[in-house]
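**Student:** Below you'll find the structure I mean.
No value in this document is a laboratory result; all are computed from the given coordinates. This is a predicted model, so every value here is computed, not measured. Quick reminder, even Gly has a Cβ in these numbers, built from the backbone with ideal geometry, and neighbours come from all protein chains shown.
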Number of protein chains: 2
Amino acid sequence: MAASTLTEVARLAGVSPATASRVLNGSARKPGPDIAERVRQAAESLGYVPNAQAQGLAKSSSGLIGLIVHDIADPYFSAIARGVQEAAREQRKMVLLATTGGGPAEEKEAVAAFAARRADSIVIAGSRSRRPGDTEGNAELAAELDRYCRNGGRVAVVGHPVVGATAPEGYHVVQVPNQELAGQLATELAKDWDGKFVIIGGPEGLFTSDDRIRGFQEGLERAGRQPAEVLRNSFNRTGGFEAGLQLAARIKAEQSEGGEHTKLCIFAVNDVMAIGAAAALRAEGLRIPRDAAIAGFDDIETLRDFRPALSTVRLPLEEIGRIATRATGRPGGHSADQDKDHDQELEPAGTIRGEVTLRRSTEVAA
Amino acid sequence: MAASTLTEVARLAGVSPATASRVLNGSARKPGPDIAERVRQAAESLGYVPNAQAQGLAKSSSGLIGLIVHDIADPYFSAIARGVQEAAREQRKMVLLATTGGGPAEEKEAVAAFAARRADSIVIAGSRSRRPGDTEGNAELAAELDRYCRNGGRVAVVGHPVVGATAPEGYHVVQVPNQELAGQLATELAKDWDGKFVIIGGPEGLFTSDDRIRGFQEGLERAGRQPAEVLRNSFNRTGGFEAGLQLAARIKAEQSEGGEHTKLCIFAVNDVMAIGAAAALRAEGLRIPRDAAIAGFDDIETLRDFRPALSTVRLPLEEIGRIATRATGRPGGHSADQDKDHDQELEPAGTIRGEVTLRRSTEVAA
DNA sequence: AAGCAGTGGGAATGCGCTTTCCCGACCGGC
DNA sequence: GCCGGTCGGGAAAGCGCATTCCCACTGCTT
C-alpha cells in the first residue's frame with residue numbers, strides 16, 4: 001500500500017484536488033470552513049502525508065538546508081551543527097548532512113548533491129584549505145558553488161570564502177576572527193610567561209590553522225617575543241599527540257641537562273590537538289603546567305571538565321552555526337554585490353565574538 | 001536563471017529526453033556510444049545537475065535516510081551519526097538530520113517529516129522513554145511509524161523498540177546489551193570494591209537509563225551486595241553534576257564524622273553524567289578515586305583523555321550507527337514477520353558487543 | 001431589475017524526470 | 001528474398017502537487 005495522495009483525499013472529501021491542496025497546504029485562498037473540515041477529515045482518515053518531493057517540484061523549493069562538515073563526530077562540528085539545526089527549525093526546514101573529511105573534491109560532490117536535491121541553502125562549516133594538491137579541487141568546488149548560487153541557491157561559509165568563488169548574489173561568509181583572537185591569546189600568555197613558545201599546528205594550507213598560527217605569532221611579536229617554532233601535524237587529537245611526544249622528549253632532554261628552567265608554553269591550534277598533546281606529555285611523565293604550559297582554541301564544551309583546565313579561546317560555535325544558517329535564510333541578506341570597494345571585506349553575515357579564556361593549564365605558578 | 005533541465009540537454013544534444021535520461025542517469029538500456037558522448041557533452045556544457053526531487057517523484061524513492069537524535073552535539077549521538085553517515089555513503093544516500101530533544105511528540109513530527117520527504121529509511125538513535133507524560137506521544141509516534149512502514153519505509157531503532165509499534169515489515173531493532181553490560185560492570189567493580197554503591201541515573205522511564213540501572217543492580221546482587229541507592233536527574237552533564245554535589249556533601253559529612261572509611265563507588269549511567277559528577281566532587285575538594293570511585297558508560301571518545309581515566313563500558317557507537325543503517329538498507333533484512341514465537345526477541349539487526357573497561361577512576365589503591 | 005465586483009470552486013497545465021510502449025532499421029536464417 | 005527477431009531511438013503517460021485561469025454564483029449598487 002503506497003502512501004495516499006492528495007487526489008485520493010480530494011475524492012474522498014468530494015472536492016477537487018485543487019481545493020484539497022488549498023486547505024491542506026498553506027495557500028493564499030482559504031476554502032469555506034465546511035469544505036475545509038471535510039477535507040481535513042478525509043486526510044486524517046486516510047493518513048495522508050503530503051509528498052514533499054512533489055511539493056518541491058511544483059514550487060521549486062525544497063525546504064532543505066545542506067550542511068557540510070569534515071566530521072560530524074568532531075565536537076567542533078557537532079556544536080556548529082546544533083546551531084544550524086536550531087536555525088533550520090526556525091525556518092521550518094530540515095538539514096541534510098554531508099561529511100567530507102576535508103577534501104575540496106568531496107566538498108564539491110556534496111555541493112552537487114545538495115544542488116541536485118535543490119537545497120534552499122548550503123552551510124559550509126569545514127575549514128577551507130589551499131594545500132598544493134587541493135588547487136584543482138578548489139577550483140571545481142568554486143565553480144560548483146558559483147553555479148549553485150547563480151541558480152538561486154544561497155550559501156554561507158564559516159571562516160574563509162571558498163578559494164576562487166566569485167561571490168555572486170547569495171554568497172555569505174561568516175567571519176571568524178581566528179587571527180585576532182590567537183593574537184590576543186599570545187598577548188595574554190606573554191604577560192605571565194617568560195619562557196619559549198611552541199605552536200602545534202595543522203597541515204600547512206589549512207586556513208583555520210594558518211590564521212591562528214599567524215595571529216599567535218603576531219601577538220608574540222607585539223609582546224616583543226621571538227616567533228614561536230611551529231610543529232605541523234594532522235588537525236586532530238592524533239596530530240596533537242604526536243607533536244606532544246616530540247615536545248616531551250625535548251623537554252625531558254632539557255630537564256636532564258639541568259640548568260635553565262625556560263619552561264615551554266605550547267599553543268595547539270585547537271582544543272582537540274591540545275588535549276592530544278597534553279595526553280602525550282602526561283604519558284611521558286610530564287605534568288601540566290608544572291613542566292609545560294598548554295593552550296588550545298575553540299573551548300569545546302565536552303572538554304571543559306578536562307584537568308588541568310585548558311586555557312583556550314572561547315568560540316560561540318553554536319551561534320556560528322545559527323548565524324551562518326540565518327544568513328542564508330532571509331532573501332535580503334547582505335551580499336557583496338557592489339563591485340566598487342571589492343577590496344573590502346565581504347559584508348559579514350554576522351559578527352562573531354570570541355574570548356580568550358585563561359585557565360589552569362597555563363598558570364605560571366606550579 | 002534556473003538550473004538547466006534534462007529537456008534542454010536533450011535538445012542541445014539533438015536527442016529525445018528519454019535518451020538523455022538513459023545516458024545521464026543509470027538505466028538498463030545503454031544508448032549508443034556516439035549519442036552518449038553527445039549527451040554527456042551537452043550536459044557538461046550546460047552545467048546540468050539532475051533534479052533529485054523530480055527523479056524521486058518519478059521513481060518514488062528519494063535516496064534519503066532520516067536520522068533522529070536527541071541532540072547532535074551530544075558526543076554519544078554524534079558518534080552514532082558518524083556511523084550512520086558512513087553507511088549512508090555506502091548506499092549512496094544522504095542523511096537527513098532531525099534533533100528532537102527526546103520527546104516522543106517531536107520524534108513523531110520528525111518521522112512525519114521524513115515520511116513526507118519519502119525518506120527510504122529512518123534510523124532512530126534517541127532512547128525510548130515511557131515517562132507518564134509520554135504515553136500519548138508514544139502512541140502517536142508508534143502510529144506514525146507503523147504507517148511509514150506500511151508504506152514501504154524501513155526503520156531501525158537503537159536500543160528499544162518504540163513502545164506500541166506493531167513491528168510490521170521493515171522494522172528493525174538494534175539491540176544494545178545495556179543491562180547485561182551494566183551487570184558485568186557491577187560484577188567487576190564489586191570484586192575490588194567493598195564499599196557502598198550509588199547510581200546516578202537519568203529520569204525514570206528512560207529505557208537506556210533504566211536498563212543500565214537494572215543491570216547494575218542485578219550485577220550487585222549476583223556479587224552478594226546490597227542494592228545501590230539511585231539518584232535520578234537529567235540525563236546530561238548537569239544532571240550528573242547536581243547529583244555529584246549531593247554525594248559530595250554526603251561524603252564530606254561522613255568523612256568529618258571520622259570512623260568508617262566505606263568509600264563510595266558511584267556509577268553514572270553515562271559518561272557525560274559521570275564527568276559531571278566528577279567535576280562536582282572535585283569542586284567540593286574531593287578527589288577521585290581517593291575519596292570516591294566513579295564509573296560511567298559509553299566510553300565517549302572525546303572523554304578518554306579525562307583524568308582520572310574514567311572506568312566505563314565501551315560501546316561501539318559508530319558501529320551501532322552503521323549497523324542500524326545497514327539493517328534498513330538491504331530489502332532482505334530480517335524482520336519479525338513470523339507471528340509464531342512472537343514471545344521471542346525480534347530478530348536483531350546485528351549483534352552489538354560492548355566491553356567493560358576499568359581505568360583509574362575506580363582503582364581501589366589511592 | 002439589470003449590471004457589477006467579488007467569491008468559492010473546478011479544470012487544466014506544468015514542475016523535471018523515468019519508463020513503458022511503440023516504431024523503424026537492421027540483422028541473420030530459411 | 002522474405003520474415004521473425006533484435007536493437008536503438010522517440011512519443012507519451014504519468015509521479016503528486018501547486019497554481020493559473022476560468023466559470024458559476026452570490027450579494028451589491030445605480
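**Student:** Between residue A:214 and residue B:238, with labels modelled 7 Å along Cα→Cβ, what's the label distance in nm to one decimal, could you check?
**Tutor:** 4.0 nm
**Student:** Related question: For the Cα atoms of chain B, what angle does the longest principal axis make with the long axis of helix B:135-150, in degrees from 0 to 90, nearest 10?
**Tutor:** Helix B:135-150 and the main axis of chain B meet at about 30 degrees.
**Student:** Moving to a separate point now. If r is the Cβ-Cβ distance from residue B:11 to residue A:105 and R0 is 41 Å, what FRET efficiency results, to the nearest 0.05? Before the final figure, lay out each step's value.
**Tutor:** On the way: r = 31 Å, r/R0 = 0.75.
My answer for the efficiency is 0.85.
**Student:** Show me the three semi-axes of the equivalent ellipsoid for segment B:163-208, from the C-alpha gyration tensor (sqrt of 5 times each eigenvalue), largest first, rounded to whole Å. Before the final figure, lay out each step's value.
**Tutor:** On the way: eigenvalues 210, 40, 5 Å².
Taking √(5λ) for each Cα gyration eigenvalue gives 32, 14, 5 Å.
**Student:** Something else about it: Just to be sure I follow: if Rg is taken over the C-alpha atoms of the protein assembly as shown and Rh is the Kirkwood radius over the same atoms, what is Rg/Rh?
**Tutor:** 1.01
**Student:** For label points placed 7 Å from Cα toward Cβ, what is the shortest-first list of nm distances from residue A:226 to its copies?
**Tutor:** Result, one decimal in nm: 6.3.
**Student:** What number do you get for segment A:6-50 when its Cα radius of gyration is normalised by 2.2 N^0.38 Å, N = residues?
**Tutor:** Details: Rg = 8.9 Å, N = 45, 2.2 N^0.38 = 9.3 Å.
Ratio of Rg to 2.2 N^0.38 Å for segment A:6-50: 0.96.
**Student:** Rounding to the nearest 10 and keeping the result within 0 to 90°, find how far the Cα-based axis of helix A:207-222 lies from the longest principal axis of chain A.
**Tutor:** Once rounded, one gets 40 degrees.
**Student:** For segment B:207-294, what does the equivalent ellipsoid look like in terms of its semi-axes, each the square root of 5 times an eigenvalue of the Cα gyration tensor, given largest first in whole Å? All intermediate terms of the calculation are to be shown ahead of the outcome.
**Tutor:** Details: eigenvalues 90, 64, 17 Å².
Semi-axes from the Cα gyration tensor: 21, 18, 9 Å.
**Student:** Ok, one more. From zero up to wherever the largest Cα-Cα distance of segment B:251-311 sits, split into 10 Å bins and tell me the percent of pairs in each.
**Tutor:** For segment B:251-311, the pair-distance distribution reads 22, 52, 21, 5.
**Student:** Please turn the phi angles of segment A:91-98 into ³J(HN,Hα) values with the Karplus equation 6.51 cos²θ - 1.76 cosθ + 1.60 (θ = phi - 60°), one per residue in order, whole Hz, x for glycine and proline.
**Tutor:** Result, ordered by residue: 8, 6, 10, 10, 10, 9, 9, 9 Hz.
**Student:** Using just the helices of chain B, give the 222 nm mean residue ellipticity in deg cm²/dmol: DSSP H runs with n ≥ 4 each add -39,500 (n - 2.57), and the total is spread over all residues, rounded to 500. Please report the intermediate quantities before stating the final value.
**Tutor:** Details: 12 runs with 161 residues, N = 366.
Here the helix-only value at 222 nm equals -14000 deg cm²/dmol.
**Student:** Given H placed 1.01 Å from N in the peptide plane, which residues other than close sequence neighbours of residue A:309 have an amide H under 5 Å from its amide H?
**Tutor:** The list, which skips near neighbours in sequence, is A:360, A:361.
**Student:** While we're looking at this one, here's another question. Return a whole-number percent for the relative contact order of segment A:6-50, with Cα pairs under 8 Å and 6 or more residues apart as the contact set.
**Tutor:** Details: 43 pairs, mean separation 18.3, N = 45.
Value for segment A:6-50: 41 percent.
**Student:** Sequence gap at least 6, Cα distance under 8 Å: using those rules, report the relative contact order of chain B to the nearest whole percent. Intermediate values should be presented prior to the final figure.
**Tutor:** Details: 732 pairs, mean separation 58.6, N = 366.
Rounded, it is 16 percent for chain B.
**Student:** Follow-up. Which residues in segment A:265-279 have a backbone N closer than 20 Å to a point placed 7 Å from the Cα of residue A:204 along the Cα-to-Cβ line?
**Tutor:** So the set is A:267-270.
**Student:** Starting from the Cα gyration tensor of segment B:5-142, multiply each eigenvalue by 5, take the square root, and state the resulting semi-axes largest first in whole Å. It would help to have the intermediate numbers written out before the result.
**Tutor:** Working: eigenvalues 352, 46, 23 Å².
The equivalent ellipsoid of segment B:5-142 has semi-axes of 42, 15, 11 Å.
**Student:** Assuming R0 = 22 Å, can you tell me the calculated FRET efficiency for the pair residue A:18 and residue B:136, based on Cβ-Cβ distance, to the nearest 0.05?
**Tutor:** Values: r = 35 Å, r/R0 = 1.57.
After rounding, the FRET efficiency stands at 0.05.
**Student:** I've got another one for you. Pull up all non-local amide H partners of residue A:267: gap of 5 or more, or a different chain, and H-to-H distance under 5 Å with H placed in the peptide plane.
**Tutor:** Amide H neighbours of residue A:267, under 5 Å, 5+ apart: A:198, A:199, A:200, A:295.
**Student:** Please give the direction-averaged projected area of the C-alpha convex hull for chain B, in square nanometres with one decimal.
**Tutor:** Values: hull surface 91.7 nm².
Averaged projected hull area, Cα only: 22.9 nm².
**Student:** So who's got an amide H within less than 5 Å of the one on residue A:49, skipping anything under 5 residues away but keeping other chains? H placed 1.01 Å off N, in plane.
**Tutor:** Excluding prolines and chain starts, which carry no amide H, the hits are A:4.
**Student:** Taking a label point 7 Å from Cα toward Cβ, how far is residue A:250 from its twins in the other copies, in nm, shortest first?
**Tutor:** 4.9
**Student:** Sort shortest first the distances from residue B:58 to its counterpart in every other copy, using label points 7 Å along the Cα-to-beta-carbon line, and give them in nm.
**Tutor:** In ascending order, 2.0 nm.
**Student:** On to the next question. For each of B:59, B:93, count neighbouring Cβ atoms within 10 Å of the residue's Cβ, then give the residues from fewest to most.
**Tutor:** Working: B:59 10, B:93 22.
Result, fewest neighbours first: B:59, B:93.
**Student:** I've got another one for you. If you line up the long axis of helix B:317-329 against the longest principal axis of chain B, both from Cα atoms, how many degrees apart are they, to the nearest 10?
**Tutor:** 40 degrees
**Student:** Quick one: if you stick a label point 7 Å off each Cα along the C-beta vector at residue B:44 and residue A:61, how many nm between them?
**Tutor:** Calculated label separation equals 3.6 nm.
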